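The values are calculated or read from the model by the stated rules, or taken from the named source; none is laboratory data. Bear in mind that the values here come from a model prediction, so they are computed numbers and not experimental data. Quick reminder, even Gly has a Cβ in these numbers, built from the backbone with ideal geometry, and neighbours come from all protein chains shown.
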Amino acid sequence: MANQLWFKLKKVANPYSETHPADLWGQLDILILTGKKAHLLLQTQWNLETLAEWFTKNQAAFSQNELLIQEHKPLPGESLAEAFRRLRTYDFEEEAVMFRWDEALDDYYQQHSLRAALPGANVPGYIIGWHKGAGEISFEGDSDKNSYPTQRDYYANLKQWSYSFDMADFVTDLQQQLKDFLESWTESGANQVARTQASNLLKQLSEKALDKVLV
Amino acid sequence: MDLDDATAQRSLNEAIGTEDEKQLYGYSAGKVYVFQPHLDGVYHGYPATQWGNVPSKILQEMLQSGIIDRDVYNQLTRKVGGR
């Protein structure tokens with residue numbers, strides 16, 4: 001049986017409600033179920049509005065697109081995170097060539113990185129995508145030393161890893177998680193702007209789900 | 001935010017963005033800053049320290065217009081050295 005990747009979301013009290021009252025604050029738990037054992041890959045709290053926007057915008061890309069940057073793809077045995085890290089080391093003399101390369105890498109990153117889904121959050125650069133005929137979430141051991149200083153000791157102990165998973169199940173489950181999370185805001189959000197934003201995101205999410213059926 | 005209020009406001013006032021993103025991007029004293037909107041006209045700013053904090057097109061625009069130099073560009077794009 002294939003591994004299962006879960007993003008579990010729940011509405012929690014916003015510690016920054018005085019300065020950011022319109023945020024759709026919540027807790028995100030990322031778990032991978034291998035066999036009968038669940039491994040917690042990340043637990044964080046953030047404005048999950050950005051996760052909903054990222055999912056709605058990039059669902060098709062991250063669930064289907066292989067990593068392919070100008071004919072460069074992962075080497076045999078490389079995870080997506082390892083390959084992405086290697087491709088980032090390439091340098092170019094000519095600025096125009098460098099710009100085209102960086103744009104291609106940036107396009108992939110924006111569609112497949114956890115950091116792109118949670119901009120500004122103190123989270124590691126997990127890569128999620130389609131690889132070797134299945135979903136894959138991977139981490140390259142991250143050497144961005146300026147990252148997440150408050151949690152550096154924790155992440156510094158993490159080695160590189162990768163897990164394959166059932167992508168269709170993940171997409172279906174995350175869609176439902178986001179729907180439930182946004183509904184919790186439309187039903188009981190204290191801030192009118194937050195309720196309206198949750199309602200708009202819910203509508204976009206539903207339209208995206210409908211697109212999927214029609215295609 | 002590691003800038004005083006006046007410097008941060010100046011960086012925000014001069015920040016640039018893209019058509020399809022809500023974030024704005026500014027520069028001050030050797031660092032690129034990301035301004036994340038929370039309400040209309042209200043932003044949370046933080047320094048860009050890693051790949052993906054700033055879209056490639058923004059960094060290119062900053063490099064070409066002389067706002068940042070190649071060293072700053074490379075810091076936010078190239079992965080160098082070992083783990």
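Remarks
- Leading residue by the ranking (nearest to A:GLU18 (Cα to Cα)) among those in region B:32-52 that are surrounded by 15 or more Cβ atoms within 10 Å (Cβ to Cβ) and touching a helix residue (DSSP H, G or I) at 6+ places or on another chain (Cβ under 8 Å): B:TYR43
- Condition check for A:PHE55: within 14 Å of chain B (Cβ to nearest Cβ), buried (at least 21 other Cβ atoms within 10 Å of the Cβ) and either within 14 Å of A:GLN111 (Cβ to Cβ) or of a type in the set (Phe, Trp, Tyr) (or both): no
- Within region A:180-194, if we keep just the residues that are surrounded by 17 or more Cβ atoms within 10 Å (Cβ to Cβ) and part of a helix (DSSP H, G or I), the residue that is nearest to the other protein chains (Cβ to nearest Cβ) turns out to be A:ALA194.
- Each residue in region A:188-215 was checked for being modelled with pLDDT of 85 or more, within 23 Å of the chain's Cα centre (by Cα) and hydrophobic (A, V, I, L, M, F, W, C), and 5 of them qualify.
- Residues that are over 12 Å from the mean Cα position of the chain (by Cα) number at least 3 in the following strands (runs of 3 or more DSSP E) confined to region B:1-64: B:31-39, B:42-47.
- Residue within region B:54-63 that is loosely packed, with under 14 Cβ neighbours inside 10 Å and either facing chain A (nearest Cβ under 9 Å) or touching a residue at least 40 places away in the same chain (Cβ under 8 Å) (or both) present: no
- Hits in region A:1-51 (condition: among the β-branched types (Val, Ile, Thr), within 19 Å of A:THR186 (Cβ to Cβ) and crowded, with 17+ Cβ neighbours inside 10 Å): A:THR50
- Within region A:91-138, being modelled with pLDDT under 90, more than 17 Å from A:LEU31 (Cα to Cα) and surrounded by 15 or more Cβ atoms within 10 Å (Cβ to Cβ) holds for A:PRO119, A:GLY120, A:ALA121, A:ASN122.
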